[in-house]
Amino acid sequence: MLTQQKEKIVSEMSDKFAKANSIFLADFTGIDVNTINQLRRKFQEVNVEYRILKNTLAKISFKKAGIEGFEDYLSGVNSYAISYEDPALPIKVVDGFKKSLNGKFKMKAGYFEGEIIGPEKIEAIASLPSREQLISQVLGTLQAPISKFVGTLQANLTKFIGLLQALEEKNKEQK
């Protein structure tokens with residue numbers, strides 16, 4: 001590869017790494033092209049960029065982006081899932097795709113919320129509910145007491161109306 005091409009790639013990737021909310025490094029050894037293309041499509045559906053980059057270019061790009069700590073993981077064949085929005089999206093995509101990957105796609109490390117994390121923490125993040133699920137759970141929790149309060153008021157109002165109707169019938173009978 002020509003030096004100009006390498007410089008262009010390093011410049012582009014260092015910009016992407018600097019802007020990213022999360023970056024996940026994975027070893028894709030043993031995965032066929034069709035599976036990689038399916039995974040790439042899944043990433044594109046949720047606006048996650050998936051790139052394959054030589055380790056030397058990645059090392060320089062990380063250094064230019066001000067991200068340190070990936071050096072120990074830059075060996076073998078690596079791919080990068082880069083998210084600019086929800087930092088957990090790349091992990092969720094891979095976690096949902098695990099059956100067809102047959103354990104071959106191994107997450108090696110990640111840059112998540114400003115720090116380098118290992119495979120153990122990546123697995124922990126994968127088991128967490130998504131942002132939307134957490135928001136709906138919080139809203140459900142906040143809504144439950146209000147719903148119970150409204151139900152209680154409605155039940156008391158229904159009982160009061162029943163009492164008034166009973167009084168009205170009793171008054172009609174007495175006349």
**Request:** Considering the options 157, 21, 81, tell which one lies farthest towards the positive end of the dipole of the chain, charges being +1 on Lys and Arg and -1 on Asp and Glu at the Cβ, about the Cα centre.
**Result:** 157
**Request:** Considering only 146, 67, 125, give the residue with the highest GNM mean-square fluctuation for the chain, with springs between Cα atoms whenever their separation is below 10 Å.
**Result:** 146
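So for the range 1-64, considering every pair of alpha-carbon atoms, how many percent are separated by more than 20 Å? Walk me through the numbers on the way to the answer.
Numbers: 723 of 2016 pairs.
That fraction is 36 percent.
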**Item:** Inter-label distance for residue 130 and residue 36, nm, one decimal - labels placed 7 Å from Cα along Cα-to-Cβ
**Value:** 2.7
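Which of the pairs 8/92; 6/64; 42/106; 19/108; 6/92 have their Cα atoms more than 23 Å apart in this structure? Show your work: numbers first, answer last.
On the way: 8/92 31 Å; 6/64 14 Å; 42/106 17 Å; 19/108 21 Å; 6/92 31 Å.
Violating the 23 Å Cα-Cα cut-off are 8/92; 6/92.
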**Request:** Could you let me know the centre-to-centre spacing of the range 1-45 and the range 75-139, using Cα atoms, in angstrom?
**Result:** 15
**Complete:** Residue separation between residue 44 and residue 59 times 0.36 nm, minus their alpha-carbon distance, gives in nm 2.9 nm
**Message:** Mean-square fluctuation check for the chain, GNM, Cα pairs under 10 Å: which of 155, 65, 126 is largest?
**Reply:** 155
**Item:** Computed label-point distance, nm, for sites residue 15 and residue 121 using a 7 Å Cα→Cβ extension
**Value:** 2.9
**Prompt:** If you take the charge dipole of the range 44-175 about its Cα centre, with +1 on Lys and Arg Cβ and -1 on Asp and Glu Cβ, which of 134, 105, 48 is farthest toward its positive end?
**Reply:** 105
**Fill in**
Expected vector for the range 157-168, Karplus 3J(HN,Hα) from phi with 6.51, -1.76, 1.60 and θ = phi - 60°, integer Hz, x for Gly and Pro, equals 5, 4, 5, 5, 5, x, 5, 4, 5, 5, 5, 5
**Request:** Determine by what factor the alpha-carbon radius of gyration of the chain differs from 2.2 N^0.38 Å, reporting the quotient.
**Result:** 1.77
**Asked** So what is the relative contact order for the chain, in percent, with contacts set as C-alpha pairs under 8 Å and at least six apart?
**Response** 27
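We did not get these values from a lab; they are worked out from the coordinates using the rules stated. Because the structure is a prediction, the values reported are computed rather than measured. Quick reminder, even Gly has a Cβ in these numbers, built from the backbone with ideal geometry, and neighbours come from all protein chains shown.
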